[in-house]
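The values are calculated or read from the model by the stated rules, or taken from the named source; none is laboratory data. Values in this document were obtained by computation on a predicted structure and should not be read as measured data. Reconstructed Cβ throughout: ideal geometry from the backbone, glycine too, with neighbour counts over all protein chains shown. What goes into the accessible areas is simple: the full protein's heavy atoms, side chains included, and nothing from ligands, DNA or RNA. Shrake-Rupley method; radii C 1.70, N 1.55, O 1.52, S 1.80 Å.
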Amino acid sequence: MILTVTPNPSLDRTYEVPSLERGEVIRATGERMDPGGKGVNVSRAVTAAGQRTVAVLPLGGAPGALVADLLDAQGIEVARVPIAGGTRSNIALAESDGVLTKINAPGPELSAAEQELLLETVREQSRDAAWIACCGSLPRGLAPSWYAEVVARAHAGGARIALDTSGRALLEALRERPDVVKPNAEELAEAVGRPLSTVGDAVKAAEELRAMGARAVLASLGADGQLLVDDAGAWFASARVDAVRSNVGAGDSSLAGFLIAGGSGPQALASAVAHGAAAVQLPGSVMPTPQDLDPSAVTVTAEVPVDRVLKEPVS
Ligand SMILES: O=P(O)(O)OC[C@@]1(O)O[C@H](CO)[C@@H](O)[C@@H]1O
């Protein structure tokens, strides 16, 4: 079973608009609502692949009830932590030329009792988890060391941890040696405090995260592909993508693909890239099913193209 922990889930609202005009009333041409948050998306992708998952979620208010209903309709098991504050709504504005603007709310503040109940629920649900995926930003009230504590507890219970977060929450958790961390290029650059302009820069940054404690680093480099750096070395993978429709949740789909395929080594990397490539070709944060995957479009190599200049460098 793959347990996901999303301390700051969201109701994701996507509006399709012709174009963004500041200061104007914009009439949307389409709208959709998805249960959101990075771990929620991982659980949706794991379910779409036919594997068992439980999503631990603090949920409150009307948006929280809606998130629970939407997940129920998708057959996703939720371990719900009731909270007094309201679950946030995150807004995505998708322009017709493919540019997407996202507004992520800070989320509710969790009381001391709710924080304790959240940790206790993670502990209870971890019993038969092979992997625990801890994903996304922290709501107010949770200290930046919160994920570090979850990693330490999970390791004591024998589960492996995949961590997808950023900033201080990521840096503090590294000391507890998460089994895999999944930064995107911006998060990787922020963690090491320098720009990334080539694939080689990303490899060096990933090695630095390993020196800080990560056992493996699965880094998504957007249109350039993905890197896996672990004890055995480094691999680079990329996939052919015909048309990008939405990259919301593509990183989450990749992480799900990686864990579904065992969570280590080049085969898991190939699965991560296949899932990420399939997700960007689907609307909103729709997660791919096995029929959406095209493994023949994926290439994986141990000959990492270190001199390749990134299409989307991070300054
Ligand atoms: O604010 P966070 O927790 O960093 O990210 C939240 C979020 O942007 O991540 C998912 C896409 O990865 C969306 O479902 C959700 O709205």
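Overview of values
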{"quantity": "Accessible area (Å², 1.4 Å probe, nearest 10) - Leu269", "calculated": "0"}
{"quantity": "Carbon/sulfur fraction of accessible area - the chain, other protein chains in place, 1.4 Å, %", "calculated": "49"}
{"quantity": "Phi-based couplings in Hz for the stretch 303-312 (Karplus 6.51, -1.76, 1.60; Gly and Pro marked x)", "calculated": "8, 5, x, 4, 8, 5, 7, 5, 5, 10"}
{"quantity": "Extended-chain gain in nm, criterion 0.36 nm per residue less alpha-carbon gap, Ala73 and Thr198", "calculated": "40.7 nm"}
{"quantity": "Length-normalised contact order of the chain in % [C-alpha pairs under 8 Å, at least 6 apart]", "calculated": "16"}
{"quantity": "Formal net charge of residues neighbouring Val314 (Cβ-Cβ distance under 14 Å; K, R +1; D, E -1)", "calculated": "-3"}
{"quantity": "Average accessible surface area per residue within the stretch 184-314, 1.4 Å rolling probe, Å²", "calculated": "42"}
{"quantity": "Under 17 Å from the Glu95 label point (7 Å along Cα→beta-carbon), backbone N, the stretch 1-31", "calculated": "15-30"}
{"quantity": "Net charge, Gln115 excluded, C-beta distance under 14 Å - Lys, Arg +1, Asp, Glu -1", "calculated": "-2"}
{"quantity": "Derived scalar couplings ³J(HN,Hα) [the stretch 53-59; Karplus, 6.51 cos²θ - 1.76 cosθ + 1.60; whole Hz; x for Gly, Pro]", "calculated": "8, 10, 10, 8, 9, x, 9"}
{"quantity": "Label-to-label distance, nm, for residues given as Ser296 and Gln267 (7 Å Cα→Cβ offset)", "calculated": "2.1"}
{"quantity": "Beta bridges by DSSP in the chain, antiparallel share as percent, to the nearest 5", "calculated": "45"}
